[in-house]
Amino acid sequence: QSLDWHLLEHISHSGMQQTIKDLNAVYTSTPALYEQDTSPAGFAWLDSNNAEQSMFSFIRYAKKAEDFVVVICNLTPQVYHDYVIGVPKAGAYQVILNTDKADYFGSGVEATNHAEQIIVSQAKESHGFNQSISVSLPGLATIYLKKVSDES
């Protein structure tokens, strides 16, 4: 029996296919997501105890410590605007994956209003870091952020 390829005619199925395609592209093009898979130096929790909002967040580091990705997961349908998360370095962060994109059959809530999905850190302490960013966190979604410049 062949696969049910006709199901890709439905937006929910084609959206999931596009999500996986984009996730694989982000993974293979982002050393922080794979270079240190077997090393404790490649992973750090930001927040593993947010049971009240059912969220968790962490950082993945490449071999070069300045190359990292911040990952925030929201396990509830509640959208959280102005969610503050600590980041290791001052600068501009870009959303490189938002699993709530409309293309993925998500609700289309963006992490920021900036056209290029850029968020600039502020000198506000959070999660053990001196810098933080404020994002809109879609419900039932995960966002990946990568530092793209030292602007502040």
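Yes or no, residue by residue, for (1) surrounded by fewer than 17 Cβ atoms within 10 Å (Cβ to Cβ); (2) basic (K, R); (3) at pLDDT below 95:
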{"position": "S39", "(1), (2), (3)": "yes, no, no"}
{"position": "G42", "(1), (2), (3)": "no, no, no"}
{"position": "M55", "(1), (2), (3)": "no, no, no"}
{"position": "Q94", "(1), (2), (3)": "no, no, no"}
{"position": "L97", "(1), (2), (3)": "no, no, no"}
{"position": "A115", "(1), (2), (3)": "yes, no, yes"}
{"position": "S149", "(1), (2), (3)": "yes, no, yes"}
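Among the candidates I143, I85, I118, single out the residue that is more than 24 Å from N49 (Cα to Cα) and of a type in the set (A, V, I, L, M). Show your work before the answer.
Working: I143 fails: more than 24 Å from N49 (Cα to Cα); I85 fails: more than 24 Å from N49 (Cα to Cα).
Testing whether each residue is more than 24 Å from N49 (Cα to Cα) and of a type in the set (A, V, I, L, M) leaves just I118.
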Residue under evaluation E66, criteria (1) out of contact with any Asp or Glu (no Cβ under 6 Å at 6 or more places or on another chain); (2) not aromatic (F, W, Y); (3) not in a loop (DSSP other than H, G, I, E, B), criterion not met: (3)
Residues located in region 12-26, provided they are over 17 Å from A141 (Cα atoms) and either of a type in the set (K, R) or surrounded by fewer than 13 Cβ atoms within 10 Å (Cβ to Cβ) (or both): A25
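Can you pull out every residue in region 80-100 that is over 20 Å from E66 (Cα atoms), free of Cβ contacts under 8 Å to residues at least 60 places away in the same chain and either in a loop (DSSP other than H, G, I, E, B) or not hydrophobic (A, V, I, L, M, F, W, C) (or both)?
Within region 80-100, Y80, H81, D82, Y83, N98, D100 qualify.
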Cross-chain or 6+ apart pairs with Cβ under 7 Å, region 109-126 first and touching a residue at least 12 places away in the same chain (Cβ under 8 Å) and over 19 Å from L97 (Cβ atoms), then among the aromatic types (F, W, Y) and in a loop (DSSP other than H, G, I, E, B): none
Residue check, N49 in a helix (DSSP H, G or I) and among the polar types (S, T, N, Q): no
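Among the residues of region 25-57, write down those that are of a type in the set (D, E) and in contact with a strand residue (DSSP E or B) (Cβ under 6 Å, 6 or more places away or on another chain).
D47
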Hits in region 74-92 - residues which are crowded, with 18+ Cβ neighbours inside 10 Å and closer than 29 Å to H10 by Cβ: N74
Restricting region 19-72 to residues that are of a type in the set (G, A, S) and in contact (Cβ under 8 Å) with a residue 40 or more places away in the chain, the residue that is farthest from N98 (Cα to Cα): A32
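The values are calculated or read from the model by the stated rules, or taken from the named source; none is laboratory data. Small disclaimer: the values here were computed from a predicted structure and weren't measured. Cβ coordinates were reconstructed from backbone atoms using ideal geometry, including for glycine residues, and neighbour counts include every protein chain displayed.
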